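Structure, as structure tokens:
The values are calculated or read from the model by the stated rules, or taken from the named source; none is laboratory data. Note that the structure is a prediction, hence the values are computed from the model and not measured. All Cβ positions, even for glycine, are placed from backbone atoms using ideal geometry, and neighbour counts span all protein chains on display.
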Ligand code: ARG
């Protein structure tokens, strides 16, 4: 009898150890209860600083997604160019940064459903020389973009833009006369123009883009849950309400 008991204990011990090893090996942050989010908080109204807190449309939606999944949201701010790669390499669970869905990005990360849209707009000084999209790509003007954005990719087909890690630095260069225009998403462009009386957004803009959250392709389980939670928040009108709070229709 004793012998069997020992055997049973040994088997149980092995089972427990195997379980523990499996749990540790699963590096998918799901089991630590923390949803890590990579962003670039220089993009009002989607993500920006209010004091030392990151707020905005993306931050609010992400907080509700985490709540739905019973997880704690942890936001990590970085240069925009690192957002997608940090999710691709598994450093962070998801990326949310007014990220436009593109074929290039789809090769290395997966996208959720889209929750908002935008287009690349042209921000100029009042009475500036750039009057439209043709001027932007003419090669006659100094054009600023954020490194790694769709605006960067788009104008780089024709010209060599000045690439900035943070939009805030591109705006400083623009107001300081070092640039003729900055190409960036229309809603952030409007916010920067509202904050700088000397800047205006041109009426003409480039093609429509759609924003979504990115997640890891090799470990898509958590990302798929995020996708589902986001879809629910879209369906019940929560996302529209959050967007309306930050963007007024004029
Ligand atoms: N929508 C553009 C893109 O996906 C720009 C996004 C920039 N986002 C940011 N948080 N700085 O490339």
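Of all residues in segment 187-214, those satisfying the criterion of being farther than 18 Å from residue 155 by Cα, within 15 Å of the ligand (Cβ to nearest atom), touching a helix residue (DSSP H, G or I) at 6+ places or on another chain (Cβ under 7 Å) and assigned to a strand (DSSP E or B) are 213, 214.
Could you please let me know if residue 62 is outside any loop (DSSP other than H, G, I, E, B), buried (at least 19 other Cβ atoms within 10 Å of the Cβ) and within 16 Å of the ligand (Cβ to nearest atom)? Judged against the criteria, residue 62 is a match.
The number of residues in segment 169-181 that are crowded, with 16+ Cβ neighbours inside 10 Å and within 21 Å of residue 118 (Cβ to Cβ) comes to 5. Of the residues 90, 117, the single one that is at positive phi and in contact (Cβ under 8 Å) with a residue 24 or more places away in the chain is 90. Scanning segment 75-95 for residues that are under 22 Å from residue 246 (Cα atoms) and either surrounded by fewer than 19 Cβ atoms within 10 Å (Cβ to Cβ) or touching a helix residue (DSSP H, G or I) at 6+ places or on another chain (Cβ under 6 Å) (or both) turns up 76, 77, 95. The residues on offer are 147, 184, 222, and the sole one that is at pLDDT 95 or above, surrounded by 15 or more Cβ atoms within 10 Å (Cβ to Cβ) and more than 12 Å from the ligand (Cβ to nearest atom) is 222.
One residue alone among 98, 118, 128 is surrounded by 14 or more Cβ atoms within 10 Å (Cβ to Cβ), closer than 22 Å to residue 155 by Cα and away from the ligand (no atom under 14 Å from the Cβ), and that residue is 128.
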